[in-house]
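Comments concern the structure below.
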Amino acid sequence: MTTSPAILPKHKPHVVIIGAGFGGLSATRALAKSPVDITLIDKHNYHLFQPLLYQVATAALSPAQIAQPIRAIVRKQKNCVTEMGEVHGIDTARKIVLSSVGETPYDYLIVATGATHDYFGHTDWTQTAPGLKSIDDATLIRRRILQAFEQAETTEDKNLRRALLTFTVVGAGPTGVEMAGAIAELARHTLKGEFRRIDPASARIILAEAGPRVLAAFPEKLSQEALKDLEKIGVEVKTGRAVNSCDADEVIIGDEVIPCRTIIWAAGVKASPAAAWLEAKTDKAGRAIVEADYSLPSQPDVFVIGDTANLTDAAGNSVPGLAPAAVQAGKYVAGVIRKRAAQEPAPPPFKYFDAGTMATIGRGKAIALIRGVAFGGFIAWWTWGLIHIMPLIGFRNRIIVGLDWLWSYFTNTRGARLITAYKK
Ligand SMILES: Cc1cc2nc3c(=O)[nH]c(=O)nc-3n(C[C@H](O)[C@H](O)[C@H](O)COP(=O)(O)OP(=O)(O)OC[C@H]3O[C@@H](n4cnc5c(N)ncnc54)[C@H](O)[C@@H]3O)c2cc1C
């Protein structure tokens with residue numbers, strides 16, 4: 001006996017979303033009330049607020065304050081199933097995602113796997129100069145920084161002590177500037193008076209940048225202001241010279257050899273390998289070149305968003321690799337899928353809304369470019385704080401992070417100074 005199609009339960013489109021970062025999560029939430037079934041796959045069990053990672057790496061915040069379990073976030077979203085698994089391929093002919101937990105078929109696919117570090121071919125530097133992208137990276141960097149002070153306190157070797165008290169951050173974009181500023185504050189203020197044989201304030205903090213100025217994406221005036229602020233808090237800024245070598249004992253900037261035990265990589269970003277899984281055309285950073293609606297040219301049911309995508313929007317602007325851009329892309333693609341599933345006309349092409357960019361340099365210091373207005377100093381710092389607290393997931397996290405910041409602003413303390421997974 002055959003069943004008439006009219007009485008078969010209606011098949012809901014299955015949307016598979018890879019990545020529960022800013023883009024993937026925003027698409028998931030935007031599809032909450034849509035007649036679709038969602039499978040959200042991530043290799044981690046948490047959503048991470050990357051903009052505050054440097055605060056975990058410098059012991060100001062603890063990991064749980066900037067990360068939230070994905071299952072808890074989508075607990076009430078009944079049309080969403082969560083899978084913890086690492087995707088390693090996509091079979092576009094069979095419309096199947098291949099991951100460590102098996103094969104997941106899709107009707108629509110949203111790929112939002114973000115970006116990773118780019119060592120510009122020097123893959124041997126990854127161990128010596130870790131980058132900052134995940135909680136594991138941040139706790140590793142935190143351990144190296146705090147351990148360097150501990151080892152400097154106990155060594156009798158003057159040269160080793162100097163190398164231990166030298167910290168180099170490579171790359172003076174927002175992450176590099178924030179890291180260098182935070183290490184300087186840790187050394188000059190937080191650790192003051194806590195050691196008996198060394199003076200933590202004597203630590204040398206170097207910020208190396210191959211380009212001509214710090215924060216090159218900001219107007220020259222703001223970049224100058226940031227440079228002055230960095231120098232004021234004791235960061236040595238070396239611009240116009242690339243790092244030519246780094247190993248466990250030293251870093252070579254241009255032709256200057258600097259004995260240094262802690263190096264942090266904040267110089268380059270490249271897309272996740274998603275474009276390769278999809279055999280999509282890429283730009284130099286490995287980002288998939290997508291259509292105006294974020295779909296792939298020959299695969300209209302596959303969308304690539306966020307840091308993994310290269311899109312020039314309807315206004316002719318190149319969409320940046322920033323959290324708000326990924327969030328907007330996630331919402332937009334959810335709308336495209338909704339319309340397509342309902343057989344309604346497609347929405348107009350994506351247009352990025354630029355709410356501005358900011359970078360903080362240290363306690364009470366930041367620069368901002370918001371709707372074309374450039375400003376710096378204390379007001380920019382408070383604005384930065386508000387803008388970074390509001391999108392944190394969970395009311396509790398917002399309150400706790402806000403209180404922690406206020407406490408450390410007035411007391412100069414950092415509450416998460418734990419050396420975990422200690423290694424000699
Ligand atoms: C240190 C740092 C500071 C930053 N500061 C700012 C800032 O101040 N302001 C700002 O706007 N932006 C900032 N950014 C950039 C911003 O975080 C990114 O633009 C944004 O996260 C991109 O969102 P996304 O969804 O594309 O990727 P992500 O948010 O990175 O999410 C990618 C997700 O995919 C998952 N994933 C990756 N590979 C796989 C796989 N193979 N299988 C399964 N899951 C996978 C990851 O676990 C992750 O959850 C910063 C980034 C970093 C690293």
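The values are calculated or read from the model by the stated rules, or taken from the named source; none is laboratory data. All values reported here derive from a predicted model rather than from experimental measurement. Backbone-built Cβ (ideal geometry, glycine too); neighbour counts: all protein chains shown.
Tabulated results
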| read-out | value |
| --- | --- |
| Some residue of segment 321-331 being assigned to a helix (DSSP H, G or I) and more than 10 Å from the ligand (Cβ to nearest atom) | yes |
| Selection status of ALA355, among the hydrophobic types (A, V, I, L, M, F, W, C), within 13 Å of the ligand (Cβ to nearest atom) and not in a loop (DSSP other than H, G, I, E, B) | no |
| Candidate set: segment 319-371, residues that are modelled with pLDDT of 95 or more and hydroxyl-bearing (Ser, Thr, Tyr); chosen: the one farthest from THR58 (Cα to Cα) | TYR332 |
| Residues within segment 60-70 that are under 20 Å from ILE183 (Cα atoms) and either surrounded by 24 or more Cβ atoms within 10 Å (Cβ to Cβ) or in contact with a Phe, Trp or Tyr (Cβ under 6 Å, 6 or more places away or on another chain) (or both), tallied | 3 |
| Output for segment 23-45, where each listed residue is more than 8 Å from the ligand (Cβ to nearest atom) and surrounded by fewer than 20 Cβ atoms within 10 Å (Cβ to Cβ) | ARG29, ALA30, ALA32, LYS33, SER34, PRO35, VAL36, ASP37, THR39, ASN45 |
| Unmet criterion (only one of (1) within 12 Å of the ligand (Cβ to nearest atom); (2) surrounded by fewer than 16 Cβ atoms within 10 Å (Cβ to Cβ); (3) more than 20 Å from HIS47 (Cβ to Cβ); (4) among the β-branched types (Val, Ile, Thr)) for VAL101 | (3) |
| Residue within segment 412-421 that is within 16 Å of the ligand (Cβ to nearest atom), hydrophobic (A, V, I, L, M, F, W, C) and part of a loop (DSSP other than H, G, I, E, B) present | no |
| Selection from segment 111-144 of residues that are at positive phi and either hydroxyl-bearing (Ser, Thr, Tyr) or touching an Asp or Glu at 6+ places or on another chain (Cβ under 9 Å) (or both) | GLY114 |
| Boolean, ARG340 is away from the ligand (no atom under 15 Å from the Cβ) and out of contact with any helix residue (DSSP H, G or I) (no Cβ under 8 Å at 6 or more places or on another chain) | yes |
| Test result for ILE17, near the ligand (Cβ under 10 Å from one of its atoms), over 17 Å from the mean Cα position of the chain (by Cα) and closer than 20 Å to ARG340 by Cα | yes |
| Test: ILE337 is under 15 Å from LEU109 (Cβ atoms), under 17 Å from the mean Cα position of the chain (by Cα) and of a type in the set (A, V, I, L, M, F, W, C) | no |
| Pick from segment 277-303, criterion assigned to a strand (DSSP E or B) and out of contact with any Lys or Arg (no Cβ under 8 Å at 6 or more places or on another chain), ranking: surrounded by the fewest Cβ atoms within 10 Å (Cβ to Cβ) | PRO300 |
| Residues within segment 391-419 that are at pLDDT 85 or above and within 17 Å of ILE145 (Cα to Cα), tallied | 3 |
| Residue list for segment 171-206, restricted to those being among the polar types (S, T, N, Q) and over 21 Å from the mean Cα position of the chain (by Cα) | THR190, SER202 |
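To keep it simple, each residue is scored yes or no on (1) modelled with pLDDT of 95 or more; (2) within 30 Å of THR262 (Cα to Cα); (3) more than 16 Å from the ligand (Cβ to nearest atom); (4) surrounded by 18 or more Cβ atoms within 10 Å (Cβ to Cβ).
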{"site": "GLY89", "(1), (2), (3), (4)": "yes, no, no, no"}
{"site": "LYS95", "(1), (2), (3), (4)": "yes, no, yes, yes"}
{"site": "PRO105", "(1), (2), (3), (4)": "yes, no, yes, no"}
{"site": "ILE110", "(1), (2), (3), (4)": "yes, no, no, yes"}
{"site": "ALA115", "(1), (2), (3), (4)": "yes, yes, no, yes"}
{"site": "PHE120", "(1), (2), (3), (4)": "no, yes, yes, no"}
